[in-house]
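Note sheet for the following structure.
The values are calculated or read from the model by the stated rules, or taken from the named source; none is laboratory data. Fair warning: this is a prediction, and the values are worked out from it, not measured in the lab. Using ideal geometry, Cβ is built from the backbone for each residue, glycine included, and neighbour counts are taken over all protein chains shown. With ligands, DNA and RNA removed, areas are computed over all heavy atoms of the protein, side chains included. Shrake-Rupley method; radii C 1.70, N 1.55, O 1.52, S 1.80 Å.
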Amino acid sequence: MRPTEIIVDLDAIRHNFNAFKNLNPASIPVPVVKSDAYGHGAIQVATALQAQGAQALAVFRVEEAIQLRNANVTVPIWVLLGALDYEIDDAVNYDLTLACWSLDNAGKLNDAAKKARIVQPIHLKIDTGMGRLGFLPNQVRDAIAEINSFSSLRLCGAFTHIAKADEPCHPVTANQVEQFRIIANDLPASCNQIHLAATSAIERRLMDALPYNRPGIGIYGIAPEKESNLDLIPAMTVKSRLISLKDIPKGHTISYNCTVTLQRDSKIAVVPIGYSTGLQRAFTNKMKGIVRGKIVNNLGTVCMDMTMFDLTDVPDAAQDDEIILLGKQGNAEITAWELASAANTIPYEILCNLGQAHPRTYLN
Ligand SMILES: *Cc1c(COP(=O)(O)O)cnc(C)c1O
């Protein structure tokens, strides 16, 4: 077996999904499994969530949705990007719910659906403040009128995305919520799959009376903000092994650029993972590992495929020992937030980078 692997605890994912169900029984969580389920494996996660009673799942691209359909995921799949021109003819054959954010797209989708003799369900994507994809609020009324004239489209939902949900009182957030409230009140009754909140907005209970919400990062057990009251269990563990353990004398330097000169005779381990597979170079001299239940420090620059750790204080450490780079062992824990802080990024990027770079094993 390869020395580095990702362990995904599907029980943790079920627990987190249930946490969202219980948090607000009035609103149905539609777990977001884009980017290979944030690096946890879309097919395995979607299959587990479907068995756990998820009423729908969300992905980013049509390709991801087709992959799930081919793996026997039968619940409704919401495609948050919708179908791009090159994939429209394919997309209409997979019983997907497609986001729609332009009338050009709506027209092409209508033609493709007509040709395939289906009626294509769509969710209107509304830009209340992201400045990304979506109809601007003042375009929504005309867009709906035009879409209603397309006989092979069924407008069954509408959504927006919050730019700064961690500050519900921020003027941008308050304005987004207010704009969407006005639009939602004006939608035809048949357009009732209305949703706004991702994990952070779910915790802040922004428009929590809407019938659906879209938790992503929280499903994987990570809070989108450092301080959180959500009851979540991290699902991902990253494990590797000490492929070399060597005594190196005081005064020797470690790794590229000699950022570290040993201050004592040391025992230095090499772990075969580096920035090409998710251990970012920015973690250099800031990240930790867990060996035999003890926290150990990275020493020296993270290389493309190797990283060194100081095992001097773990006298019983042996070659081939396991090292945890993300997750728990005994009472020791390394969180995605710690790694994110070391690289000045957010846990989302940590999970996606690490999870997609290594073979995965599933628990439970
Ligand atoms: C990724 C995404 C989500 C999930 O966001 P989290 O912060 O991970 O909960 C929800 N909605 C949209 C439109 C997204 O792109």
Selection within segment 298-335 - out of contact with any Pro (no Cβ under 9 Å at 6 or more places or on another chain) and among the small types (Gly, Ala, Ser): 300, 317, 318, 330, 332
Only one of 357, 282, 317, 336 that is within 16 Å of the ligand (Cβ to nearest atom), in contact (Cβ under 8 Å) with a residue 60 or more places away in the chain and hydrophobic (A, V, I, L, M, F, W, C): 336
Can residue 233 be described as open to solvent by less than 30 Å² (accessible area, probe 1.4 Å), under 30 Å from residue 193 (Cα atoms), in a loop (DSSP other than H, G, I, E, B) and of a type in the set (A, V, I, L, M, F, W, C)? no
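Quick grid of which residues meet (1) in contact with an Asp or Glu (Cβ under 6 Å, 6 or more places away or on another chain); (2) crowded, with 22+ Cβ neighbours inside 10 Å; (3) more than 21 Å from residue 358 (Cα to Cα):
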| position | (1), (2), (3) |
| --- | --- |
| 268 | no, yes, yes |
| 274 | yes, no, no |
| 306 | no, no, no |
| 321 | no, no, no |
| 331 | no, no, yes |
Exactly one of 106, 112, 71, 42 is under 21 Å from residue 218 (Cβ atoms) and in contact with a helix residue (DSSP H, G or I) (Cβ under 6 Å, 6 or more places away or on another chain), and that residue is 42
Per the filter on segment 160-200, residues more than 11 Å from the ligand (Cβ to nearest atom), of a type in the set (D, E, K, R) and part of a loop (DSSP other than H, G, I, E, B) are 164, 167, 186
If I ask for residues that are more than 26 Å from residue 346 (Cα to Cα) and not acidic (Asp, Glu), which ones from segment 294-321 would you list? 311, 312, 314, 315, 317, 318, 319
On the given criteria, is residue 113 within 30 Å of residue 164 (Cβ to Cβ) and open to solvent by less than 70 Å² (accessible area, probe 1.4 Å)? no
Filter segment 327-340 down to the residues that are more than 15 Å from residue 298 (Cα to Cα) and either under 17 Å from the mean Cα position of the chain (by Cα) or part of a helix (DSSP H, G or I) (or both) and list them by number. 327, 335, 336, 337, 340
All but one of (1) under 13 Å from residue 16 (Cα atoms); (2) within 15 Å of the ligand (Cβ to nearest atom) hold for residue 208; state the number of the condition that does not hold. (1)
So which of 154, 181 ends up being more than 27 Å from the chain's Cα centre (by Cα) and open to solvent by 10 Å² or more (accessible area, probe 1.4 Å)? 154
Considering residues of segment 225-245 that are free of Cβ contacts under 8 Å to residues at least 60 places away in the same chain and within 13 Å of the ligand (Cβ to nearest atom) only, the residue farthest from residue 160 (Cα to Cα): 228
Answer yes if at least one residue in segment 212-222 is within 16 Å of the ligand (Cβ to nearest atom), more than 17 Å from the chain's Cα centre (by Cα) and either more than 20 Å from residue 336 (Cβ to Cβ) or surrounded by fewer than 22 Cβ atoms within 10 Å (Cβ to Cβ) (or both), and no otherwise. yes
Within segment 10-57, can you find the residues that are in contact (Cβ under 8 Å) with a residue 60 or more places away in the chain, open to solvent by 40 Å² or more (accessible area, probe 1.4 Å) and part of a loop (DSSP other than H, G, I, E, B)? 26
